[in-house]
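Notes for the one structure printed next.
The values are calculated or read from the model by the stated rules, or taken from the named source; none is laboratory data. Because the structure is predicted, anything quoted here is derived from the model rather than measured. Quick reminder, even Gly has a Cβ in these numbers, built from the backbone with ideal geometry, and neighbours come from all protein chains shown.
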């Protein structure tokens, strides 16, 4: 069976009409990766307003790990809406908030007392995590990494890398933010082994703590265990261990941003579990809500309790409708069968893409962890010169043939694969075939 069924070009006439309305009604700075106008979605499939059936390899930028319209999640939402929608956790106590917090406290890494604060978005969660770390340590400085994406609020945009796309033109940022390069095994220094390169990165980290910022001034170090927007770069365990050691030595709060790489995407509920390193605070969002807007800051109780009464919270944080969705989603995400499936999906993707590297010189690298996989395009394999144009060309070609995709990477020269983990083998292989055909056509133009 072909799961991709195209009745019109993309977008079709109805889609074109709605896209024109979007153009007139929404700010031009609100980007979109595709021209797809959604009518409905289920599992790993999306139907547009013109009746086209597509396969989703973007998953709302990793937001739909349990699949579109997961039955248990939808049922929980409907049942909660019939009871009450929201009364505000700052005014009343909402039991779903407590139940979700208890679930997160027991599921995040670390055998110590924890507490959880809920918010609405990844940006809000990161901002709260950093502010709580500042309050706890009575310090202001934060160390972050090149290629990182942490959000679009003033503080989180200050932490975010990739300047031209996200930060250009928005003025002055939060002070006391220090940024250093993250380890990038694909672009490691020529002549170095992987072990030598990681040691070199650790030396650069140690130097930064002399040349850029005194570690005793740092409130927090924040890192994505697998960088998302930066290009699906797994941070080596040795490097994470060094960060943990520095945090322990100087009383710095170690924050793991698991917004994209968490929620079972890599085959572990949290990506940092692959390293065995335990952070002080874990930030969750995206797929924990299965499409509902919710995020969480989960950390050591003594750190989370630091702010004064009334110092944290918000009107919509911990919406009961979003909480019940997240409770059902996390039950699925942490299950042995789901995590096993994430590994299976990742294996199919990585095995398939490894074969592409042998056939298509425009591919510089394929990489990832579990079902968080990516293909990077280059103009020259030896020089590893990023090729943003071919990445865009391939992505548009594949989208026009029914595969929903989005780019990634510091240079926007990568295509990320974040299909819902519930995708079937047949759907996955069909989507990969569409992507390979687009790569083959791009390669043929350059032969």
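Please state which one of 136, 150 is outside the structural domain of residue 31 (by TED's automatic domain parsing), at pLDDT 95 or above, under 25 Å from residue 246 (Cβ atoms) and outside any helix (DSSP H, G or I).
Unique residue meeting the criteria: 150.
Right, residue 111: more than 22 Å from residue 260 (Cβ to Cβ) and assigned by TED's automatic domain parsing to the domain that holds residue 150 or not?
Values: more than 22 Å from residue 260 (Cβ to Cβ): yes; assigned by TED's automatic domain parsing to the domain that holds residue 150: yes.
Yes, satisfied.
From the list 410, 374, 403, which one is under 23 Å from the mean Cα position of the chain (by Cα) and either over 28 Å from residue 183 (Cβ atoms) or surrounded by fewer than 19 Cβ atoms within 10 Å (Cβ to Cβ) (or both)?
403
Scan 89, 106 and give me the residue that is loosely packed, with under 15 Cβ neighbours inside 10 Å and farther than 14 Å from residue 326 by Cα.
On the way: 89 fails: loosely packed, with under 15 Cβ neighbours inside 10 Å.
From the options 89, 106, the qualifying one is 106.
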**Q.** Any hit, region 394-405, residues being under 24 Å from residue 160 (Cβ atoms), modelled with pLDDT of 95 or more and touching a helix residue (DSSP H, G or I) at 6+ places or on another chain (Cβ under 7 Å)
**A.** yes
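Which helices (runs of 4 or more DSSP H) does region 153-270 wholly contain that include 1 or more residues that are more than 21 Å from the chain's Cα centre (by Cα) and either modelled with pLDDT of 95 or more or surrounded by fewer than 18 Cβ atoms within 10 Å (Cβ to Cβ) (or both)?
Working: elements: 154-159, 163-166, 194-211, 237-250.
In region 153-270, the matching helices (runs of 4 or more DSSP H) lie at 194-211, 237-250.
Quick check: anything in region 217-234 out of contact with any strand residue (DSSP E or B) (no Cβ under 8 Å at 6 or more places or on another chain), in the same structural domain as residue 160 (by TED's automatic domain parsing) and in contact (Cβ under 8 Å) with a residue 12 or more places away in the chain? Let's see the steps before the verdict.
First pass over region 217-234, keeping only residues out of contact with any strand residue (DSSP E or B) (no Cβ under 8 Å at 6 or more places or on another chain): none.
Scanning region 217-234, I find no residue that is out of contact with any strand residue (DSSP E or B) (no Cβ under 8 Å at 6 or more places or on another chain), in the same structural domain as residue 160 (by TED's automatic domain parsing) and in contact (Cβ under 8 Å) with a residue 12 or more places away in the chain, so the answer is no.
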Q) Which of (1) farther than 23 Å from residue 295 by Cβ; (2) surrounded by 20 or more Cβ atoms within 10 Å (Cβ to Cβ) is the odd one out, the single condition residue 39 does not satisfy? A) (2)
Q. Which number in (1) closer than 24 Å to residue 224 by Cβ; (2) more than 20 Å from the chain's Cα centre (by Cα) marks the one condition that residue 332 misses?
A. (2)
(Q) So, residue 423, is that one crowded, with 21+ Cβ neighbours inside 10 Å and more than 25 Å from residue 148 (Cβ to Cβ) or not? (A) yes
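Scan the helices (runs of 4 or more DSSP H) fully inside region 1-118 and keep the ones with 3 or more residues being out of contact with any strand residue (DSSP E or B) (no Cβ under 9 Å at 6 or more places or on another chain). Spell out how you get there, then give the answer.
Values: elements: 13-25, 59-62, 71-83, 95-107.
Passing ranges, in order: 13-25, 71-83, 95-107.
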